[in-house]
Amino acid sequence: MSIVYYVPTDDDELLVSTMAGRGKARAVARDGKVSLCVLDERWPFAYLQVYADAEIEHDHNLIVDVMMAVGDRMSGQPLTDDARPVVEAMAIEENRVVVRCRPYATFAQPPRHLHHNDQDEKITHWVSGTIPWNAPDPT
């Protein structure tokens, strides 16, 4: 498992940029299945495990678009058009690809809401289950 940034699409896909020679890309090409663990950075820490069918995309424009979107997320602000040629050169130099993830199920660890680490109540972990990615919101 490694840390990655992902870019969600309007079609409920998750796009991940990686180098073609990395284990992630090789595993996807071999197996076509992935799981992503999305961590909540707020206390108490919870997570969402996402299971997806995946494939490798080699489309240069898509690769650069995803890298630009990741740059936006990493910097906290949109990259300017001036950055695109630099990102394009990086995509070529690093032999980048996009892992297109089509989620089909999730598993969530429900959080126990505490106000601080030394609260008297002990943290408990409740049972959760795998649910379809496109399950309706129960609320």
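Give me the residue from the range 1-15 that is of a type outside the set (Asp, Glu) and open to solvent by 100 Å² or more (accessible area, probe 1.4 Å) and, out of that set, nearest to Glu88 (Cα to Cα). Filtering the range 1-15 for residues that are of a type outside the set (Asp, Glu) and open to solvent by 100 Å² or more (accessible area, probe 1.4 Å), the one nearest to Glu88 (Cα to Cα) comes out as Tyr5.
Mind listing whichever residues of the range 16-56 are open to solvent by less than 30 Å² (accessible area, probe 1.4 Å) and β-branched (Val, Ile, Thr)? Correct list: Val16, Thr18, Val28, Val50.
Of all the numbered requirements in (1) more than 17 Å from Glu13 (Cα to Cα); (2) open to solvent by less than 70 Å² (accessible area, probe 1.4 Å); (3) in a helix (DSSP H, G or I), Leu79 misses one, and that requirement is (3).
When Val127, Val98, Val86 are checked against the criterion of being surrounded by 15 or more Cβ atoms within 10 Å (Cβ to Cβ) and either part of a loop (DSSP other than H, G, I, E, B) or modelled with pLDDT of 95 or more (or both), Val98 stands alone in meeting it.
The combined condition, being of a type in the set (A, V, I, L, M, F, W, C), surrounded by 15 or more Cβ atoms within 10 Å (Cβ to Cβ) and either in contact with a helix residue (DSSP H, G or I) (Cβ under 9 Å, 6 or more places away or on another chain) or at pLDDT below 95 (or both), is fulfilled by Met67. Checking every residue in the range 54-74 against the condition of being in a strand (DSSP E or B), of a type outside the set (Asp, Glu) and within 30 Å of Ile131 (Cβ to Cβ) gives at least one match. All told, Ala25 meets the bar of being over 12 Å from the mean Cα position of the chain (by Cα) and in contact (Cβ under 8 Å) with a residue 24 or more places away in the chain.
Sub-7 Å Cβ pairs linking a first residue in the range 29-52 that is part of a loop (DSSP other than H, G, I, E, B) to a second residue that is of a type in the set (Gly, Ala, Ser) and modelled with pLDDT of 80 or more, at least 6 apart or interchain, are Gly32/Ala54, ordered by first then second residue.
The values are calculated or read from the model by the stated rules, or taken from the named source; none is laboratory data. Remember, it's a predicted structure, so these values are computed and weren't measured experimentally. Using ideal geometry, Cβ is built from the backbone for each residue, glycine included, and neighbour counts are taken over all protein chains shown. Side chains are part of the model used for accessible areas, which takes the heavy atoms of the whole protein and leaves out ligands, DNA and RNA. Shrake-Rupley method; radii C 1.70, N 1.55, O 1.52, S 1.80 Å.
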